[in-house]
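The values are calculated or read from the model by the stated rules, or taken from the named source; none is laboratory data. Note that the structure is a prediction, hence the values are computed from the model and not measured. Backbone-built Cβ (ideal geometry, glycine too); neighbour counts: all protein chains shown.
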Amino acid sequence: MPNSVITATGSYIPPKAVPNKHFLDNDFFDADGNKFERSNDEIVKKLNEITGIRERRYVSDGLTTSDIAYMAAEQALDGTDRENLDYIIVAQNFGDMKADNVRTDMVPTIASRVKNKLRIKNPYTIAFDLHFGCPGWLQATIMADYYIKSGDAKRVLVIGAEILSRVSDPHDIDCMIYADGAGAVLVEATNQDVGILSHITRTDTFDEAYLLWLDKSYHPQRNGNDLFIKMQGHEIYKYSVRTVPKVVKKNLDQAGFVLSDIKKILIHQANEKMDEAIIKRLFKLYDIKEIPADIMPMMISWSGNSSVATLPTMFDLIQKGKLDNHRLESGDIAVFASVGAGMNINSMVYRMP
């Protein structure tokens, strides 16, 4: 049975950096439509303390999700015969909304649009989207592994792309968290003992299904039927810190590794303090007190939360030596983990080729 290995990476990081001061003039309301008594300066500073975000990246008005997915794909496919792709899987959640028309546009699929932009003629290059919240790119990579291990595919392009700036309510404090971006990887079959070694996925819906949802603006006088992303941030924090470490440990147990075998943990960039708490709880499960300072790469401080794009973008930057001197060498073991709407959690153990 073949293994699945990432042979190439790419990403699109919007050049437009939006600093925290951008939100100082926003009118912020709570879920009941009451304006906050605290000043915006206090609100912005508190959000920075909680999330670690100093700035985020927004796409220009002329770009859509399929555009930035295509640009990340072009990087990952550089020098590759794209006609030999068996699948194109695009993880995304909101479609191709335009800057002046905040409506979900998913027909045709973003994957079909990307295939069109790549000018691929092969009708047996199957293109489809995956909607799985923030863990979507990792779940799409897991699906690629299933296709390869089954013998159905030898080469799969997996993309995570999102433009959250267009589904964030400017009157909701949480709008400062969201960002835009795209990341892509080429996953190929190999007979070597490298690549994806193990993965695990979990979905909690009994009490957690609506911790993230779409709803109207918090501004009581904003008319129209536009829907924006909403979340119960405190509950998501508690759920993630409680559950993600267990999933990662189960994945490591399944793969036959312990935490000391791991060189890097790449975790979805949702909230810096939450990610730090997850790592602390994970090490506690192994009764390890000393956490290596460089085990968890972070980029949320300047990138914000771009949902499905955070993990592939981070991996691309590490592969190209562009993320704070983080390195993954041949034979190193890394763990990818994500949590998001669903609520979904997944984890993947990966050996560098």
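Tell me, which residue of the range 32-64 that is among the hydroxyl-bearing types (Ser, Thr, Tyr) and free of Cβ contacts under 8 Å to residues at least 60 places away in the same chain is nearest to residue 232 (Cα to Cα)?
39
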Could you please give the count of residues in the range 250-282 that are in a helix (DSSP H, G or I) and crowded, with 17+ Cβ neighbours inside 10 Å? 12
Tell me, yes or no, whether the range 42-57 has at least one residue that is buried (at least 20 other Cβ atoms within 10 Å of the Cβ) and of a type in the set (Lys, Arg). yes
Here are some conditions: (1) over 20 Å from the mean Cα position of the chain (by Cα); (2) closer than 13 Å to residue 163 by Cβ; (3) buried (at least 23 other Cβ atoms within 10 Å of the Cβ). Residue 85 meets all but one. Which one does it not meet? (2)
Does residue 347 satisfy being more than 18 Å from residue 272 (Cβ to Cβ), among the polar types (S, T, N, Q) and either out of contact with any Pro (no Cβ under 7 Å at 6 or more places or on another chain) or not assigned by TED's automatic domain parsing to the domain that holds residue 234 (or both)? yes
Anything in the range 171-202 that is of a type in the set (Val, Ile, Thr) and either more than 26 Å from residue 69 (Cα to Cα) or part of a loop (DSSP other than H, G, I, E, B) (or both)? List them, or say none. 173, 177, 194
Go through the range 16-31 and give me each residue that's free of Cβ contacts under 8 Å to residues at least 24 places away in the same chain and either surrounded by 14 or more Cβ atoms within 10 Å (Cβ to Cβ) or under 19 Å from the mean Cα position of the chain (by Cα) (or both). 22
Identify all residues within the range 88-104 that are over 18 Å from the mean Cα position of the chain (by Cα) and either surrounded by 22 or more Cβ atoms within 10 Å (Cβ to Cβ) or without any contact (Cβ under 8 Å) to a residue 24 or more places away in the chain (or both); write none if there are none. 101, 103, 104
Listed by first then second residue, the pairs whose first member lies in the range 300-322 and is under 17 Å from residue 17 (Cβ atoms), whose partner is among the basic types (Lys, Arg), with beta carbons under 7 Å and at least 6 positions apart or on separate chains, are 301/54; 302/54; 303/56; 303/57; 304/56; 304/57
Residue satisfying all of: in the range 208-248; at pLDDT below 95 and of a type in the set (Asp, Glu); farthest from residue 258 (Cα to Cα) among these: 226
Among the residues of the range 1-35, which ones are of a type in the set (S, T, N, Q) and either touching a Cys at 6+ places or on another chain (Cβ under 7 Å) or within 22 Å of residue 176 (Cβ to Cβ) (or both)? 20, 26, 34
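Looking at the range 114-137, can you tell me whether even one residue there is assigned to a loop (DSSP other than H, G, I, E, B) and more than 24 Å from residue 67 (Cβ to Cβ)?
Looking for residues that are assigned to a loop (DSSP other than H, G, I, E, B) and more than 24 Å from residue 67 (Cβ to Cβ), one finds at least one in the range 114-137, hence yes.
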